[in-house]
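This report concerns only the one structure given below.
None of the figures in this text is laboratory data; all of them are computed from the coordinates on show. Fair warning: this is a prediction, and the values are worked out from it, not measured in the lab. Reconstructed Cβ throughout: ideal geometry from the backbone, glycine too, with neighbour counts over all protein chains shown.
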């Protein structure tokens, strides 16, 4: 059982939770994730750690409501408990001074990007961050990003905030403007696919943090397998970060839809249930 | 070894045993017919998750116990990886003192109700039974009797909790709560150690919980055995990945003096054939974990599982049988085993194969998948299979399957479960740079005491063997417990 210390709504669908997990807070590094399970009948889902406070012994998770479990998590309040939290899992991000690092965060993918931006900046890199989302409401952590970036560009699909356009527009502008030594992209698979295609065109080494479906998260089930450079890798133990130019994003996109029907049905019946309760 | 022999002799010379031996002539004992395990009707059971084997009645058990000759040289014990005093417990069954029979099992076995169900007795104790070796007759049903005794005790409401020596305060950390870890825990707690079991998942039991299905081993039975260990003083810590949540060095600083790695089989193997990453193709670990541990087939649980009309399970081991029989129970019209050799070479237990056949599982032997095809959404819908024939024996001694050119054909399959083995879990070796591991990633240990190249770290089960059985893991656990005890006694003497 892990107690929730605070809850903050970042937007209608995005919530930030601070959870008691002293050991994980102690051990986590940029790039690590946890597996969370809510209730005895809950499912296990991976969530990247956005930040941690070793003194308070807490970790921060940022979750977007997309299905039953994330919706349930979003309804939690300070003082509630998360049944199971295990981690930190996965390989930590390789942090080194390379020069200029271009970091691209799409939607809620901005959350796992934050500790990487922070660590890259601390390592002495010039960090330029591009935050992108469908609309203003979905742009998160802008203030924190500005704290650890030399420059932040905000892009929205509808132009409701920052500049209108896709993440790749913002990225390409920087790449054309100055020499970029490394790029990191985290967000929806489709966004990572296109940002990776862009950096490949300019020959910039790029890492992507993949958000595969997992069950155990410790290398046992193989649900999170992806093709990287033509061979099968497991996101939970080999990743979550991989050379973006080697990742088969089309396969990842397909695999992310592996339970779409089941998930949709479950979410609809969950929402119907919620409506009944509130009616 | 002399000590063990003396102990067995002494036990055998007890008055009650002698009387019992005299009560029935050997000839009359050997003329009795072996009991048949009552089973649920195959058509009914294939629709539910109830246990297939129903267990012996008291009368059946006592009759079967009479067959045991209480041999002066009980060879059966040498076939048991955890050295249960088999004749002693069986004679207690004959005497109808089932509580004492249960105590006898627990002298050396922390999980009798589990072993009585999933041990391959036919290649262990029962293969070394006097009936098998000398009389060339069907052996005493040792496994069925073990299960009977354990179930009797559980249902009696009076579980015997083995005596525990006064605490010596020495902390031992066990990594993984599967069969090997539980065996170590059971032995070390009896010796007075402060035992903590660290489990990565949200509940203890390891493969007994996530792997073996309800119809073979109900989770409730595993929980009862774990509860007994808790009552003896073993501490279980879930959601803790040693090597990640804390390293072995961290735990040393927290006072742990010895470690046992029983972290099990990790990464599932795939065949690396085209289309294998389509949706609807998964490892048996994933399929079984979703159904067994996460209860995915129940609507009120959040974890989803894919259902299939035509389910193909690739492989011929026990895990493959568990997967295919699970698929049948979840409503598959056609549940198939696709195996590249024949029934004869199949590594699954004969009993599992028989049960699968009774339940209408199709066996496509001498077949091997070569490619998968998917619909427009990326969900597998067909597969191409190649026929095989048996050639010369390979390193395993089994005849090698050889593909027959031009024999490929296609088959409908909307769910494929790949059950072709596992590679060891990489988490522990990854976090310990000084550890000696084999080129397969298994931890190298000393054969007797199960000690690794790091003196305070012992290991057993699949992390050492790469893929074996519950009882071999438990045997490793018992040896490791003895090794840890010896190591800590020496260390703390100094």
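Just a few scattered comments:
- The stretch B:4-156 - percent relative contact order, Cα under 8 Å, separation 6 or more: 24
- Peptide A:87-93 shows a mean partner chain C-beta count of 2 within 10 Å per residue C-beta.
- Shape category assigned to the stretch B:367-494 from the gyration tensor of Cα positions, a/c cut at 1.5: prolate
- Judged by the gyration tensor of its Cα atoms, with axes a ≥ b ≥ c, the stretch B:317-387 is oblate; a/c meets the 1.5 cut and b/c is at least as large as a/b.
- Cβ neighbours within 10 Å from other chains - mean over B:422-429: 2
- Rounded to 5, percent antiparallel among DSSP beta bridges of chain B: 35
- Neighbour counting of Cβ atoms within 10 Å sorts the residues A:253, A:166, B:427, fewest neighbours leading, into A:253, A:166, B:427.
- Dimensionless Rg over Rh [the stretch B:73-174; C-alpha; Kirkwood]: 1.03
- With respect to chain A, whose longest principal axis is taken over its alpha-carbon atoms, helix A:110-122 is tilted by about 50°.
- With Cα atoms, 0 to 90° folded angle of helix A:189-201 axis to chain A main axis: 10
- Span from the the stretch B:205-266 Cα centroid across to the the stretch B:347-414 one, whole angstrom: 35
- The rule of thumb for compact globular proteins, 2.2 N^0.38 Å, goes into the C-alpha radius of gyration of the stretch B:268-422 1.01 times.
- In terms of other Cβ atoms within 10 Å, B:440, B:152 run from fewest to most in the order B:440, B:152.
- Over chain B, relative contact order from alpha-carbon pairs under 8 Å, at least 6 apart, %: 14
- Mean projection area, nm², convex hull over Cα of the stretch A:138-279: 11.7
- Ranked by the mean number of other Cβ atoms within 10 Å of their residues, highest first, the peptides B:38-49, B:272-283, B:323-334 fall in the order B:323-334, B:272-283, B:38-49.
- Note: relative contact order over the stretch A:1-68, using C-alpha pairs below 8 Å and six or more positions apart, is 34 percent.
- As a proxy for reagent exposure, A:275, B:244 were ordered by neighbouring Cβ count within 10 angstrom, fewest first; the result is A:275, B:244.
- Along principal axes, Cα extents of chain A, largest first, whole Å: 54, 39, 39
- Over 40 Å [Cα-Cα, the protein assembly as shown], rounded percent: 40
- Over all orientations, the stretch B:4-156 has a Cα convex hull whose mean projected area works out to 9.2 square nanometres.
- Inter-part distance where the stretch B:111-163 and the stretch A:79-108 are each reduced to a Cα centre, Å: 50
- Cα coordinate range in the stretch A:1-143, projected on the principal axes (Å, largest first): 47, 35, 23
- Over the protein assembly as shown, DSSP H runs of length four or greater, each weighted -39,500 (n - 2.57), average out per residue to a 222 nm ellipticity of -10000 deg cm²/dmol.
- Chain B: C-alpha pair distances exceeding 45 Å, %: 14
- Cα shape, the stretch A:210-279, gyration tensor, a/c 1.5 rule: prolate
- Antiparallel DSSP beta bridges within chain A, percent to nearest 5: 60
- Kirkwood Rh in Å, taken over the stretch A:145-196 so that all alpha-carbon pairs contribute: 12.0
- Where Rh is the Kirkwood radius over Cα pairs, Rg/Rh for the stretch B:455-494: 1.10
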